[in-house]
Each structure stands twice: as C-alpha cells, then as structure tokens.
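The values are calculated or read from the model by the stated rules, or taken from the named source; none is laboratory data. Being a predicted model, the structure only gives us computed values, none of them experimental. Please note: Cβ atoms are built from the backbone with ideal geometry, for glycine as well, and neighbour counts cover all protein chains shown. What goes into the accessible areas is simple: the full protein's heavy atoms, side chains included, and nothing from ligands, DNA or RNA. Shrake-Rupley method; radii C 1.70, N 1.55, O 1.52, S 1.80 Å.
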Amino acid sequence: MFSLLKGLVGAKALSEETMRPVLDKLRDHLIGKNVAADIANKLCDSVAIKLEGKVLGTFDSVAKTVKATLTESLVRILSPKRRVDILRDCLHAKQEGRPYVMAFCGVNGVGKSTNLAKICFWLIENDLSVLIAACDTFRAGAVEQLRTHTRHLNALHPPARHHARHMVTLYEKGYGKDAAGIAMEAIRYASDTKTDVVLIDTAGRMQDNEPLMRALAKLIAVNEPDTVLFVGEALVGNEAVDQLVKFNQALADYSSSSSPHVIDGIVLTKFDTIDDKVGAAISMTYITGQPIVFVGTGQTYTDLKALNANAVVHALMK
Amino acid sequence: MVLADLGRKITTALQSLSRATIINEEVLNSMLKQICAALLEADVNIRLVKNLRENVRAVIDFDEMAGGLNKRRMIQSAVFKELVKLVDPGVKPYQPVKGKPNVIMYVGLQGSGKTTTCTKLAYHYLRKNWKSCLVCADTFRAGAYDQVKQNCTKARIPFYGSYTEVDPVVIATTGVDMFKKQGLEMIIVDTSGRHKQEESLFEEMLAVATAIKPDNIIFVMDATIGQACEAQARAFKDKVDIGSVIITKLDGHAKGGGALSAVAATQSPIIFIGTGEHIDDLEPFKTKPFIKKLLGMGDIEGLLDK
Ligand SMILES: Nc1nc2c(ncn2[C@@H]2O[C@H](COP(=O)(O)OP(=O)(O)OP(=O)(O)O)[C@@H](O)[C@H]2O)c(=O)[nH]1
Ligand SMILES: Nc1nc2c(ncn2[C@@H]2O[C@H](COP(=O)(O)OP(=O)(O)OP(=O)(O)O)[C@@H](O)[C@H]2O)c(=O)[nH]1
Ligand SMILES: [Mg+2]
Ligand SMILES: [Mg+2]
C-alpha cells in the first residue's frame, strides 16, 4: 500500500538506463565545449556510478540531478588540491639566499615566451628582480623576442623606480648551444648577482620527438627548478591529453633521478580566443591533477589572470 | 598522416556492415556511433559530426527498402560522400603563375605557424627556380622581424621588413611594390597572429589585404586545434577572401580533425601540410588522392561517382 503511494508521488531510483539519454547529451555538450572526448566519457561514467540506485526526491528530475552531480565534479577537478603561492615561495627562496627558478615547457607556439614575459612583469610589479634565461637556442628570433621583452619591461620599470636596480636581465648565449648548460650558467649568474627569480624559456617541442624530450628532461633534471610549468593553449583539442601525459612521462622516464621532477602546474594560454569553449581547462587538470596556475588572456603584459573555477564551470555547463 | 588513425577506425566500422547478416536500424546505428566517436576523438567539429550522422541516416529508409547488398552499398556510399565533404570544398586552389608577380598573404591565429610556413613556401618555390621572397608585415610580435631575417638569410631568400615602422600596411605596401618592381614572382606576405575576438586586429588584416590586393590569402591552422577552430576560421573568411588552407604541426601526434573544419568554414582546399620545424618539412596536399588513401578502399571511386 505504501509502496504504491510512493510510486504515485514519483519517487524513483536512478539506473544507468534512465540516466543514459541525459548522460549522452551532456557528453556531447562537453565535447562541443572542447573537453577531450575520452575525458567527457569518463566524467559521465563516473556520474552514472555515483548516482546509480539513488532515490530521487519528489521534485528532482533525472536531468537536473545528473547535471548537478556533473557540475560538482567539474568544480572539484578545477579546484587546486594544494595551495600555489609563487610570490610566497619566491620570498622564501630569497630568505634562503638563492634564486627561485621556474622552467616553462610545452609544444610549439603555445605562448611559452610571451607568458613568461607576462609572469616576469607580474614578478617585478611585486618588487622581485628577474633573470630570463634564453634556453630556446633553436627557433629563429627566439633570443631577440626575449631581448625585446626585456627592454620593454625595463622601460616600464626603470631602475630609477627600484633603487637603481635593473629589474630584468636577459641571460643569453645565442643559438645552437646546449640549453641545459645555459640554464645552469644563468642560475649561477642569478645567484652571484642576487637576482630573485630565474625564468627559463625553452624551445617548443612535439611530445613525440624523443631527442627533444630527452633534452628537456635533462635540462630539468640537471637544474632542479623549483617549479616546472607546462604551457598549453586553450585552443587545443583532444591532443591536450597526449601532450600532458607524454611531457610528464618524458620528464619521469628520461631523468636518472629516483624522484624525478615532473609538471607542477599549468599555464593555460589564449583563453581570450575560445569564447565559451573552455573544455581544455578540464582536460588538462583532469590528466595531471595539477593546478592551472596562470591563465593567459591576451597579448599584453597585464593579460595574465588566475583561474576562476566557478566561472569556467558555468561557461562549460551553459 | 592526417587522419590516418581515423581512416582505419572508419574502415573498421564500415566492415561491420559487411559482417552483419542483415542490415537493420540497429546495425546502422552502431556503425554510425563508432564513426562519430572516431571523428570526435580526432577533433572534428561536433556540428559537422552531427550533420554527417543525420545525412547518412536520411539516405536509408528501412521500411521502404529491401535487399541487403543495396542497403550496404547505399550506407557506405553515404558515409564516403560525407567524409569527402569534410576534406573537399569542391573548389580548385589558386595556381600561381610563373613569370608574373604572385602576391600571397598569410593569415591565422597566434602561433599557428605562419612565419615558419612562409619561409618554407618561399624556399619551396625558390628550389623550383621561382624568384621568391618574403615581406614581414608583423609589427606586433616581439622578435618577428628577426625571425624572418634569420630564416631568410639562412635560406638565401630576399626579404623586406622594418624595425621602426609600426604600420603593417605601410610595410606590406612598400615591400610588395619593391619586389614587384624587381620582378619577383612569388611575393609572400607574413602577418601578425590574430583572433576574431579582437576587432582591431581583424580591421588591420583587412587594411593590409585591401592595400596589397593579394592574389591569394592562405589561412594557416595548427593541427592540434579542437572545437574552437570553426568559429575562428569562419570569422577570418568573413573578413578577408581566404582561398587556401595550410595545416601545420602534423609531425606530432595530432590527428588534425579540428583543423579540417577550417576547410568547411572557409570553403577552401588544403594545399600544403607542415610536418616539422625545418625549412623543408612541407608536403603538397592534394584532396582527391588523400581521400582515396585515407579510406584505403579500392572501390571508393565507384562509390563516389554515384
Ligand atoms: N590571444 C592571445 N595570444 C597569445 C597569448 N599568449 C601568447 N599569445 C601569442 O601567441 C603567439 C606565440 O607566442 P610565443 O610566446 O612566441 O609562443 P612559444 O610557445 O614561445 O612559441 P615557440 O617558442 O616557437 O614554441 C604570439 O603571437 C603571442 O603573442 C594569449 O594568452 N592570448
Ligand atoms: N613541429 C612543428 N613545429 C612547427 C611547424 N610549423 C611551425 N612550427 C613551430 O611552431 C612555432 C610557432 O611558429 P611561428 O611560425 O612562429 O608561428 P606564427 O603563426 O608566425 O606565430 P605568430 O606570428 O606569433 O602568430 C615555432 O616554434 C615553429 O618552429 C610544424 O609543421 N611542425
Ligand atoms: Mg618561445
Ligand atoms: Mg609570425
């Protein structure tokens, strides 16, 4: 008698079957927003598992419940598991009397050098001096690109405003040289000159290019930077997964260390070019479990933001 | 190769038709599901994928049709036609003419590989004994002119640019006029990276195009791009008269399906693909032979002619 009444007011237990049509729609929606297909599938499957057997309240629809659960897991994926506070870490290193070292890596043309320059601007705005290590010794114009940025940044923050200190210096040895060696010299130079932070620019490389990936692993292993940032563009599709998996793997496999240094964080660039197709943010954090430390939102020095997880999820679910 | 993986998956899906004893709705749906999943994993635009699914479905009416063989062929042929539509806009690319100046302008998103591709193309023509050269009309990107200068010096390609002039229209016009007077045949104009969200950058592109009246405008697209390609490509096409597409960075792992939406959005064929960072990492691209190779099926010609 009571079970019959319950049935009348619409209580129902969720099953894979009742959720499937809703999940399929949401998966396509996520893919349309540029979440990698494989990850969209996994996300939807995990929502199904979580909700299986759950009894819905009177006013809950299947669609609403599934959507709410997916939203929750998206927010969780984008919320950093550890606190990233680069300024604090820089000051800490300074107290220890050594420079704080950040290395930037990623595939070709994603915005490594430009966002390195933006981060440099942010650091000098916070009164930290920076040495830029020009370790892309391959791509034509790579060194001049950094020299131009150095000149602009020093013009924006002239020594007159910083107790006669040059806030940005470029350390370069031209083209064709070993990147790991230049990085090492640069760090030593920064130590000697009491420069607060070293930003290491590296050449773009495809994740399948073994010699180049080995060279990167060597650079990281030899120089032990405090932070390794992977730079990825928000435009990237399914390839985001392969890039991150293989960069991490290369740093782990090609390093002779027993506890190799892999990717610590992500710089998500060109966020201003994708409208609401923000899915790459999910793909990248899902794969690495690492936080998006900076978001690049344009081509000028101030176009650097912190990720707003709720806003990204809102754009995704819209 | 572009979409090689996809080609294999599609072939496998199509074979499921041959294995099935009867072709019914269920068999068709399962095959379409496989094909669409493969397309989405290769970054093909989701709207194009949905269209493909609907168009193939629309061809087959199970109630009215009889005979397994016929259905099989009709489905296969419909799938082929839809795939061809993805890669083949059905127009011929601009053919440069030797002995007269051909002005070709390169445009695209930031970092897509324009400058590198410009040098590759200039070198490609140089080696075929064309008088080719490069004009650097990127006044925005730090080190852009140095990049062109170093590339061209190494490959002995004549180039023009400026460290002081800030107006790309002025540089482009001056460079193109100068090289025309000198009797160069392939005049390649490199421009800054830009995106549709920044109107002033699009206006600048239009201003350059209006000033130099290029014979062809080439849209350079990176093979790793995902779902954002379509809107960007369409916006470029709406602003200037794009006539060809080049897809870069195909030496990586990228499947290149995202970049293909540039073909549909610009209604322009792919003419070259970039397969590395070096100056000779460039391959000509021909649509029809590519499709044949992609789908690797002997009877494709017959299916397509219908
Ligand atoms: N719209 C936009 N463009 C950006 C952003 N970040 C970088 N870019 C542009 O992307 C292009 C490539 O940037 P680079 O910094 O040279 O990229 P890279 O990764 O260092 O390139 P390689 O060293 O050649 O691998 C430049 O035109 C930048 O101005 C961003 O957040 N938004
Ligand atoms: N692996 C690989 N890298 C490429 C290819 N084409 C270009 N690149 C690299 O991609 C990066 C960006 O190339 P650029 O030619 O500077 O790109 P761009 O479009 O001119 O960039 P902006 O002028 O800043 O918009 C560089 O590191 C190039 O070496 C390719 O086919 N394969
Ligand atoms: Mg760079
Ligand atoms: Mg360029």
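Throw me the Rg/Rh for the range A:21-65, computed over C-alpha atoms with Kirkwood Rh, two decimals.
That ratio is 1.03, to two decimals.
Relative contact order for the range A:199-318: 24 percent, from Cα pairs under 8 Å spaced at least 6 residues apart, divided by residue count.
Using only side-chain charges placed at the Cβ, +1 for Lys and Arg and -1 for Asp and Glu, the dipole size of chain B relative to its Cα centre rounds to 840 debye. Only alpha carbons enter this Debye calculation for chain A, each as an equal point scatterer, and the log10 of I(q)/I(0) it gives at q = 0.06, 0.10, 0.12, 0.15 Å⁻¹ is -0.26, -0.62, -0.82, -1.15.
Accessible area ranking (1.4 Å probe, heavy atoms, ligands and nucleic acids excluded), largest first, for A:D242, A:D89: A:D89, A:D242. Simple spin-label model, 7 Å along Cα-to-Cβ: B:D241 to B:D177 in nm? If labels sit at B:D241 and B:D177, their model points lie 2.2 nm apart. Summary of the geometry: the range A:279-303 and the range A:31-87, compared by the centres of their Cα atoms, lie 19 Å apart. Residues within the reach of a label modelled at B:K213 (point 7 angstrom out along Cα to beta-carbon, backbone nitrogen below 19 Å), restricted to the range B:98-141, are B:98-106. For the range A:194-318, the mean projected area of the C-alpha convex hull, equal to one quarter of the hull surface, is 8.7 nm².
In debye, nearest 20: dipole of the range A:245-318 around its Cα centre with unit charges on the Cβ of K, R (+) and D, E (-)?
Dipole magnitude for the range A:245-318 comes out near 100 debye.
A simple spin-label model places the labels of B:E198 and B:N29 4.8 nm from each other, with each point 7 Å out along Cα-to-Cβ.
When the charge dipole of the protein assembly as shown is built from unit charges on Cβ atoms (+1 for Lys and Arg, -1 for Asp and Glu) and taken about the Cα centre, the candidate among A:I119, B:I171, B:L134 whose Cα reaches farthest toward its positive end is B:L134. Scaled against 2.2 N^0.38 Å for its residue count N, the alpha carbon radius of gyration of the range B:30-129 is 1.64. Using every pair of distinct Cα positions in the range A:100-182, the Kirkwood expression returns a hydrodynamic radius of 13.3 angstrom.
Projection of the Cα convex hull of the range B:174-306, averaged over all directions and equal to a quarter of that hull's surface, yields 10.4 nm².
Full extension of the chain between A:D178 and A:E72 yields a length gain of 33.5 nm, computed as 0.36 nm times the residue separation minus the alpha carbon distance.
Quantify how much of the Cα-Cα distance distribution of the range B:45-103 extends past 14 Å, in percent.
When all Cα pairs of the range B:45-103 are counted, 67 percent exceed 14 Å.
Positive-end ranking of B:G108, B:L40, B:Q15 along the dipole of the range B:1-158, with charges on Cβ about the Cα centre, is headed by B:G108. Note on chain A: GNM, Cα springs under 10 Å; of A:P80, A:P99, A:P159, the largest mean-square fluctuation is that of A:P159.
Based only on Cα atoms, what Rg/Rh ratio does the range A:1-158 have, Rh being taken as Kirkwood's radius? Expressed as Rg/Rh, it is 1.25.
The share of Cα pairs per 10 Å bin across chain B, counted from zero up to the longest distance, runs 6, 27, 30, 19, 11, 6, 2, 0 percent.
Here, P(r) means the percent of Cα pairs in each 5 Å bin from 0 to the largest distance; for the range A:217-285 it is 3, 17, 26, 20, 14, 11, 6, 2, 0. With N as its number of residues, the range B:192-249 has a Cα radius of gyration that, divided by 2.2 N^0.38 Å, comes to 1.11.
For chain A, the dipole from Cβ point charges (+1 on Lys and Arg, -1 on Asp and Glu) about the Cα centre works out to 580 debye, to the nearest 20.
Rg of the Cα atoms in the protein assembly as shown, relative to 2.2 N^0.38 Å, amounts to 1.05. Dividing the helix sum by the residues of chain A, where each DSSP H run of 4 or more adds -39500 (n - 2.57), gives a mean residue ellipticity at 222 nm of -15500 deg cm²/dmol.
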